Amino acid sequence: MESILKEIKRKKIPINPAIIISNKADAKGLKIAQKLGINTIVIESKGFKGSRWQYDKKVIESLTKHGVTPRNGLVCLAGFMRIISPEFVKKYKNRIINIHPALLPAFPGLDSQKQALEYGAKYSGCTVHFVDTGMDTGPVIIQAVVKVKENDTESSLSKRILKEEHRIYPEAVNLFARKKIKVIKRRTVIS
């Protein structure tokens, strides 16, 4: 999130961040966004009494209130560790993007670096993708490859992947903002 917001502030991405929404009041990203002058809101998920869709409706209400609509908005997930309801995904089809610390479709879900090391992968990396109703299964927008070193630990591999995440996530947002991404079935075409 911070990398994206900084690139927007540098006028490298032609998009106006409307709101940062967190499901945790103590999220580090809230302070970062506030420091950069971006509106923030917390919609607590812990202890929420209701379905995933009822929670997501509250998120959608906030997005809509701040001008992020299914026709003109983009929702970027960054550290939002909740599975989004199918209704939310359908409403914002091809307008929700996420970053994952692996070369999808390999190693979806949690602990991707651990999975890569245990598998003996020679390469890992990260993927920016559109969110669909599956877990880390949406159309791939952009990926970056990171070589796995013989002496890598989860921590050392994670640090090198994170560096690439900070590079490619703003790049994907820029492509979206400039209307350079077209989704055809499961594939993205970058013009």
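What's the local net charge at PHE88, with K and R +1, D and E -1, over the other residues with C-beta under 14 Å away?
Numbers: positive: ARG52, LYS57, LYS58, ARG82, LYS90, LYS91, LYS93, ARG95; negative: ASP56, GLU61, GLU87, ASP132.
So the surrounding residues net to +4.
Using the 2.2 N^0.38 Å rule of thumb for compact globular proteins, work out how segment 40-97 stacks up: its C-alpha Rg over that value, please. Provide the component values of the computation, followed by the final result.
On the way: Rg = 11.0 Å, N = 58, 2.2 N^0.38 = 10.3 Å.
With N residues counted in segment 40-97, Rg over 2.2 N^0.38 Å equals 1.07.
Over 19 Å between Cα atoms, which of LYS122/LYS159; LYS6/LYS31; LYS6/LYS28; LYS31/LYS163; LYS46/LYS159; LYS114/LYS149 qualify? Let's see the in-between values first.
Numbers: LYS122/LYS159 16 Å; LYS6/LYS31 14 Å; LYS6/LYS28 16 Å; LYS31/LYS163 21 Å; LYS46/LYS159 29 Å; LYS114/LYS149 13 Å.
Going by Cα-Cα distance, LYS31/LYS163; LYS46/LYS159 fall outside the 19 Å limit.
Kirkwood hydrodynamic radius for segment 1-77: how many Å is it when counted over pairs of different Cα atoms? Don't skip to the answer; put the middle values down first.
On the way: mean 1/r = 0.0748 Å⁻¹.
It is 13.4 Å.
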Where only C-alpha atoms are counted, convex hull volume of segment 72-135 per residue in Å³: 77 Å³
Among GLY73, ALA116, ILE99 the positive-end extreme of the charge dipole of segment 1-141 (Cβ point charges): GLY73
Using alpha-carbon coordinates, inclination of helix 154-177 to the longest axis of the chain, degrees: 50 degrees
Difference of contour (0.36 nm per residue) and Cα-Cα distance, ALA18 to ARG71: 17.6 nm
Packing rank of 112-124, 163-175, 44-56, where each peptide gets the mean count of other beta carbons within 10 Å, highest leading: 163-175, 112-124, 44-56
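Can you give the alpha-carbon Rg of segment 92-191 over 2.2 N^0.38 Å, where N counts its residues? Kindly include the intermediate steps, with their values, before the conclusion.
Working: Rg = 13.7 Å, N = 100, 2.2 N^0.38 = 12.7 Å.
Normalised Cα radius of gyration, segment 92-191: 1.08.
With an 8 Å Cα cut-off and a minimum separation of 6 or more residues, compute the relative contact order for segment 2-190 in percent.
Over segment 2-190, the number comes to 18 percent.
Please report, in debye to the nearest 20, how large the charge dipole of the chain is about its Cα centre when each Lys and Arg carries +1 at its beta carbon and each Asp and Glu carries -1 there.
On the way: 36 positive and 17 negative charges, 169 e Å.
Dipole size: approximately 820 debye.
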Size-normalised alpha-carbon gyration radius of the chain, reference 2.2 N^0.38 Å: 1.03
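Bear in mind these aren't lab numbers, they're just calculated from the coordinates by the rules spelled out. In this text the structure is predicted, and so the values were computed from the model without any measurement. Note: ideal-geometry Cβ built from the backbone for every residue, glycine included; neighbour counts use all protein chains shown.
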